[in-house]
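Read-outs: derived from the displayed coordinates by stated rules, not from any lab. Predicted model only: the values in this text are computed from it and were never measured. No Cβ is skipped: glycine too gets one built from the backbone with ideal geometry, and neighbour counts run over all protein chains shown.
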Amino acid sequence: MRRTLAAVLTSATLLLGLAACGSSSDEGSASDDTLKVGVSPVPHGEILKYISDNLASAEGLKLDIVEFNDYIQPNVALQEKQLDANYFQHVPYLEEEVAAKGYKFTALKPVHIEPLGVYSKNVKNIADVPAGGVVGIPNDPSNSGRALNLLAANGLLTLKDGVGVKATEKDITANPKNLEFKALEAAQLPRSLEDTAISVINGNYAIETGLKPATDSLALEKGADNPYANLLVVRTGEETDARVVKLEKLLHSAEVKKFIDDKYQGSVLAAF
């Protein structure tokens, strides 16, 4: 009898636990002033923490900031309504994700640019990259194309005319140093520096690992007319959610621009 009673109590506890989990997945409704946002830790998480600590309360907004260390899960979590928004990606990457996975997402206004940079532990000047050198590049299509364009802009290769941000290795028309390209997950690229001649690293991952794009890179993307600005993304139809509107206002405020300029000293650039 005791066993039966214990089993009943255990089952009841499990059911209550599941009910609690179910209710938490419905959090973040428009009647709640808390907005749950998925971010890359740096600089996105730092920018939102600044807003949360200094600006949000005056707008009647609360932020629940959820950090991710990859570029896949924030969109999965937004699709599954575990998040109200995410802030980690640029439009070319979002367009790839939408095409591949059918997400119904909407990108809002550009907030900041993390210039893609070329880094090395083995050479001091990009012109000194050795023949046959291994070059680490991001393995997702938008950032790999971006990396190839940066290498082309710095004379290491030539791409087909007009290929733009969709460049792939097949679009290389000249590779005078016979460089070998090694495609890795973007988060792994800082760790690749021991094994590559150079690696092309996204700004957020560079900063997270102690690299300073403005001073440590051998080459760095320009901020002007850069299509890779990071921005807030929401499920289509939720752009007018009052919480989203409040966060958008704060993300594009003079205070946030000053925070970006002062904290990152050119390693992250405001895009507004």
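General remarks:
- Backbone phi angles across the range 204-215, fed through the Karplus curve with coefficients 6.51, -1.76 and 1.60 (θ = phi - 60°), yield HN-Hα couplings of 5, 6, 4, 5, 4, 9, x, 7, 10, x, 5, 10 Hz in residue order; Gly and Pro are listed as x.
- Charge sum, other residues only, whose C-beta stays under 10 Å from residue 206's C-beta, Lys/Arg counted +1 and Asp/Glu -1: -2
- Report note on the peptides 196-205, 74-83: ranked by the mean count of other C-beta atoms within 10 Å, highest first, their order is 196-205, 74-83.
- Most mobile of 243, 235, 191 in a GNM of the chain (Cα contacts under 10 Å): 191
- Taking amide H as placed 1.01 Å from N in the peptide plane, residue 154 has no amide H partner under 5 Å among residues 5 or more places away or on another chain.
- Radius of gyration over Kirkwood radius for the range 117-220, both on Cα atoms: the Rg/Rh ratio is 0.93.
- GNM result for the chain, Cα springs below 10 Å: residue of 36, 101, 170 fluctuating most strongly: 170
- Local electrostatic count at residue 220 - Lys and Arg +1, Asp and Glu -1, tallied over other residues with Cβ under 11 Å: -1
- Evaluated at q = 0.07, 0.14, 0.15, 0.16 Å⁻¹, a Debye calculation over the C-alpha positions of the chain (equal weights, vacuum) places log10 I(q)/I(0) at -0.31, -0.97, -1.07, -1.18.
- If the chain linking residue 104 and residue 261 were pulled fully straight, counting 0.36 nm for each residue of separation and taking away their Cα-Cα distance, it would gain 53.2 nm.
- Within a Gaussian network of the chain (alpha carbon springs, distance under 10 Å), most fluctuating of 162, 60, 102: 162
- Each residue of the range 220-229 was assigned a 3J(HN,Hα) from its phi angle through the Karplus curve 6.51 cos²θ - 1.76 cosθ + 1.60 (θ = phi - 60°); the sequence is 9, 4, 7, x, 5, 6, 7, x, 9, 5 Hz, with glycine and proline shown as x.
- Taking other residues whose beta carbon is less than 12 angstrom from the beta carbon of residue 173, and scoring Lys, Arg as +1 and Asp, Glu as -1, yields -1.
- Each helix, a run of at least 4 DSSP H residues, gives -39500 (n - 2.57); summed and divided by the residues of the chain, these come to -10500 deg cm²/dmol at 222 nm.
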